[in-house]
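Let me begin by presenting the structure, written as structure tokens, before commenting on it.
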Amino acid sequence: MRRVLDALAAQHGAWRHGYDLLKATGLSSGTLYPLLMRMSDKGLLEAEWREPAQPGRPPRHAYRLSAAGAALARELAGRDAPRSGAAALA
């Protein structure tokens, strides 16, 4: 889940297709798509069908972080941030 959060947070607010997320995360489709569905069910993602840019192509799902997903991504990124100064000594 962390890889997906990071990939979506890198382009906050942008709708991303599954294929783009596959490339960004390095996850297999058998891992990514069930994960996207679970994250959407938990309210971490918004998902919608997008009409194709080229006629004759099927509609595709697009995903972006919800407010709750963006908050979780920030929280996790804050935990990983290197500490400096007195905070690092505590």
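The values are calculated or read from the model by the stated rules, or taken from the named source; none is laboratory data. Because the structure is predicted, anything quoted here is derived from the model rather than measured. Please note: Cβ atoms are built from the backbone with ideal geometry, for glycine as well, and neighbour counts cover all protein chains shown. Ligands, DNA and RNA are excluded from the accessible area calculation, which covers all protein heavy atoms including side chains. Shrake-Rupley method; radii C 1.70, N 1.55, O 1.52, S 1.80 Å.
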> Just for region 61-82: of the residues that are open to solvent by 60 Å² or more (accessible area, probe 1.4 Å) and assigned to a strand (DSSP E or B), which one is farthest from HIS12 (Cα to Cα)?
Replying inline: HIS61
> Inside region 18-60, can you point out the residues that are part of a strand (DSSP E or B) and either closer than 19 Å to ALA73 by Cβ or open to solvent by less than 40 Å² (accessible area, probe 1.4 Å) (or both)?
Replying inline: LEU45, GLU46, ALA47
> Any idea which residue in region 1-17 is most open to solvent (accessible area, probe 1.4 Å), counting only those that are basic (Lys, Arg) and part of a helix (DSSP H, G or I)?
Replying inline: ARG3
>> If I ask for residues that are farther than 20 Å from ALA70 by Cβ and either touching a His at 6+ places or on another chain (Cβ under 7 Å) or of a type in the set (Lys, Arg) (or both), which ones from region 26-55 would you list?
In response: TRP49, ARG50
